[in-house]
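K.L.:
This structure is in structure tokens; I'll ask about it shortly.
The values are calculated or read from the model by the stated rules, or taken from the named source; none is laboratory data. Because the structure is a prediction, the values reported are computed rather than measured. No Cβ is skipped: glycine too gets one built from the backbone with ideal geometry, and neighbour counts run over all protein chains shown.
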């Protein structure tokens, strides 16, 4: 499995709709975490986006997973980047 750092970017104009969908989004994240595919996630303090760390077999599997996110389904992610990442120190590094 590969670790991916994923960055979501949000448009300020979707803030109210994100508030409406947030419970579903976080429920989806909890399920992905329970399956061991989500290592960590959280929004940026300024509301501009979020950083998420996932485990996936490859980039295609990651994209399929991200397409299931209720924020993605509702069109609330204005930009997305994903990069394979290799943790070499800290608590996460011990697992890879």
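K.L.:
Anything in region 2-26 that is surrounded by fewer than 13 Cβ atoms within 10 Å (Cβ to Cβ) and either closer than 14 Å to residue 82 by Cα or in contact (Cβ under 8 Å) with a residue 12 or more places away in the chain (or both)? List them, or say none.
P.N.:
12, 15
K.L.:
Does region 35-50 contain any residue that is assigned to a strand (DSSP E or B) and surrounded by fewer than 14 Cβ atoms within 10 Å (Cβ to Cβ)? Explain how you work it out, then say what you get.
P.N.:
Just the residues of region 35-50 that are assigned to a strand (DSSP E or B), to begin with: 38-43, 49-50.
The next check asks that each one be surrounded by fewer than 14 Cβ atoms within 10 Å (Cβ to Cβ); those that pass are 40, 42.
Taking every residue of region 35-50 in turn, at least one turns out to be assigned to a strand (DSSP E or B) and surrounded by fewer than 14 Cβ atoms within 10 Å (Cβ to Cβ).
K.L.:
Taking residue 62, is it farther than 19 Å from residue 15 by Cβ, crowded, with 16+ Cβ neighbours inside 10 Å, modelled with pLDDT of 95 or more and touching a helix residue (DSSP H, G or I) at 6+ places or on another chain (Cβ under 7 Å)?
P.N.:
So residue 62 fails the test.
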